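Notes to accompany the following structure.
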Amino acid sequence: MHGQVVKEIHVMALFRGGDGQERLGEMFHLSFSERDESLYLRPIPPTGICLCGTDLIPPHTESHEVNFRLGRFRAVTPVKLSIHASGQTHVKFDDRGSAIIAGPLGMPPLRSMRDEHIATIQVDEFSRLAPVRRQPTTKGTNVDFGFPFGDAPSGRVVLYANSVEPRFRDTDFFIALDRGNGNVLYVGLVGLPNANIASDPRGFTVLTGWDPLSANDPENELKLLFIRCE
């Protein structure tokens, strides 16, 4: 895919099942806006259910559990996460003219990012993902990519943004938007395995919306926008 012009990347998890066979699990589609440097993420929930909302982690909090159900918006039709060039993040139904159903939250403009962490997609357990039932392709402008997780039971895909150069601390895999006017945005993606951390595995969770420039300061509260996909 090096140097290939793409409009959308379909991200999957490549993992080894209990029988030792490799499998592909559905995760999400990622694309750029046609107008600016905004990003759109369309999750593929295993059973078609998404629970959308926001949460707040107070300063100096060592552990925090998000309640994905109480008072959240439950969607049974496709939803779309927007991470706008301005830094605004929100969730809508994936229909033109849809109202916001979660958010908005605000992070700094994407043009200010220098290898900053902007989103995480955490899988409960790979075996819970919807299986990919078609032949993946790396040809054309809409391509597939399966992050290899090997024998790990769970893992996450992390997204970074850099508007200066295609350089990331944790990955050399990236997509880029170049409008030809000097505005270039690079988005790095990396798949990271982890232990099974879900007590009731049902799917995966999309997390974003924080300010990555101050997220590591324990004095600051952390605002989260989430899509819980089941």
At a temperature of 37 °C and a viscosity of 0.692 mPa s, determine how fast region 172-230 diffuses translationally according to Stokes-Einstein, using the Kirkwood radius over alpha-carbon pairs as Rh; express D in µm²/s, rounded to the nearest whole number. 218 µm²/s
Residue by residue through region 99-110, which ³J(HN,Hα) values in whole Hz follow from phi under the Karplus form 6.51 cos²θ - 1.76 cosθ + 1.60 (θ = phi - 60°), with glycine and proline marked x? 6, 5, 10, 8, x, x, 10, x, 10, x, x, 4
GNM top mover of GLY18, GLY146, GLY188 - the chain, alpha-carbon springs below 10 Å: GLY18
Go through region 20-37 residue by residue and turn each phi into a ³J(HN,Hα) via Karplus (6.51, -1.76, 1.60, θ = phi - 60°); whole Hz please, and just put x for glycine and proline. x, 8, 6, 9, 10, x, 6, 10, 6, 9, 10, 8, 9, 5, 7, 9, 8, 8
Which peptide among 90-100, 199-209, 49-59 comes first, and what is the full order, when sorted by highest mean count of other Cβ atoms within 10 Å? 199-209, 49-59, 90-100
Name the trypsin sites (Lys or Arg not before Pro) in region 1-57 that are in a loop by DSSP and that have at most 14 other C-beta atoms within 10 Å, would you? LYS7, ARG35
q = 0.18, 0.20, 0.21 Å⁻¹: log10 I(q)/I(0) that the Debye formula gives for region 60-153, counting C-alpha atoms only: -1.38, -1.42, -1.39
Just to be sure I follow the rule: in the chain, considering lysines 8 or more places apart or on different chains, how many pairs have Cα atoms under 21 Å apart? 6
Can you list residues whose amide H is under 5 Å from ALA102's amide H, if they're 5+ apart or on another chain and H is modeled 1.01 Å from N? VAL91
Set of region 196-230 residues, backbone N closer than 20 Å to the point 7 Å along the Cα-Cβ line of ARG169: 207-223
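Quick note: the coordinates plus some simple rules give every number you see, no bench work behind them. Computed from a predicted structure; not experimentally measured. Glycine also receives a Cβ, built like all others from the backbone with ideal geometry; neighbour counts cover every protein chain displayed.
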